[in-house]
Amino acid sequence: MSSVNDTKFKSVVFLLTGIPRQKDIYLWISIPFCIAYVISILGNSLILFIIKTDRSLHEPMYIFLSMLAVTDLGISVVTMPTIVGIYLFNSREISLDACFTQLFFIHFLQCTETSMLLLMAFDRFIAIRHPLRYTSILTLPTIAKMGLMILLRGIVIILPLPFLLKQFRYCRDNVLSHSYCLYQDVMKTACSDITVNSIYGLFTKLLLMGVDSLLIFLSYVMILKTVLSIASHEECLRALNTCVSHLCAVLLFYTPEISLSVIHRFVKGSSPLLQILLGYMSLLLPPLMNPIVYSVKSKHLRARIIRVFVK
């Protein structure tokens, strides 16, 4: 009997969902998605290439930016097969193991991204508060230790998610709400009591995004306090201008992600289309826009990018 149940469990297939009632134009919908993925992959790869090859950019701010670009590349690579597969090939099915693997990497990379945004806020605080000691505080070994801590933190918190889901039996209509697998979405298709899993999922959100967003806010409070103590109005504006790119990255990441979490957990009967669009924004906007924002706002990075294309 146990072997029969295990076979049934392993044969579970989830059905992913595209934009509802638009199946006739899926081929056209695939075009902007493909363009977004091409721009994301090329943009982040270009930033990594320039930072790696140009020694003048081997500064803490650009090293953190390269780590953010790696994370954004990972999110694009993990989500592209299922999203493009639905709209280009009408491929909706995903196996249990593939779904659990995808949701692990999605949540792990989002955990890494929120941690990176926190480190970049700390970087801006050190650069403004202690400009003369900036490179001596944020040395390469220190940055490497920070990166290792981010990876260990993500693995410890996110790794239990697929194992918790594997304890369930999935006997309902296994239709997911998005074009990719998310923990809270898969959890709702189980035919078991999901109270403990729901609490742990909420705990991870609060521990990661709640704590990180609070620390980012406190970092900017300290930055404003430092900037307002600067006598020169021009220097004050120049110091704040170095934070614009990071603030844009924070808004691009947190706004759709928090909105989607609130809708999933607390809003009953919300529009499926709204959930789907917010889901796409939370995963596609940061990898797409971060390279553009940093390239526009960073004079040194912009000059290196122009030099690549214009000899």
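The values are calculated or read from the model by the stated rules, or taken from the named source; none is laboratory data. Worth saying up front: this structure is predicted, and the values here are computed from it rather than measured. Cβ coordinates were reconstructed from backbone atoms using ideal geometry, including for glycine residues, and neighbour counts include every protein chain displayed.
Looking across the range 203-233, the residues that are more than 23 Å from Leu164 (Cα to Cα) and of a type outside the set (A, V, I, L, M) come down to Asp212, Ser213, Phe217, Ser219, Tyr220, Lys225, Thr226, Ser229, Ser232, His233. Do we find a residue being in contact with an Asp or Glu (Cβ under 8 Å, 6 or more places away or on another chain) and not hydroxyl-bearing (Ser, Thr, Tyr) anywhere in the range 133-146? Yes, the range 133-146 contains a residue that is in contact with an Asp or Glu (Cβ under 8 Å, 6 or more places away or on another chain) and not hydroxyl-bearing (Ser, Thr, Tyr). In contact with a Lys or Arg (Cβ under 8 Å, 6 or more places away or on another chain) and modelled with pLDDT under 90 - does that describe any residue in the range 103-116? For the range 103-116, residues in contact with a Lys or Arg (Cβ under 8 Å, 6 or more places away or on another chain) and modelled with pLDDT under 90: absent. Among residues that are part of a helix (DSSP H, G or I) and in contact (Cβ under 8 Å) with a residue 40 or more places away in the chain, Ser259 is not included. The single residue among Leu16, Leu65 that is within 19 Å of the chain's Cα centre (by Cα) and surrounded by 17 or more Cβ atoms within 10 Å (Cβ to Cβ) turns out to be Leu65. Look at the range 237-252 and say how many of its residues are buried (at least 17 other Cβ atoms within 10 Å of the Cβ), more than 15 Å from the chain's Cα centre (by Cα) and not aliphatic (A, V, I, L, M). Looking only at that region, the number is 2.
Take the residues in the range 145-176 that are touching a strand residue (DSSP E or B) at 6+ places or on another chain (Cβ under 8 Å) and aliphatic (A, V, I, L, M), then tell me which one is farthest from Leu207 (Cα to Cα). This residue is Val175. Of all residues in the range 83-101, exactly one satisfies the criterion of being crowded, with 20+ Cβ neighbours inside 10 Å and either among the polar types (S, T, N, Q) or not in a helix (DSSP H, G or I) (or both), namely Ile94.
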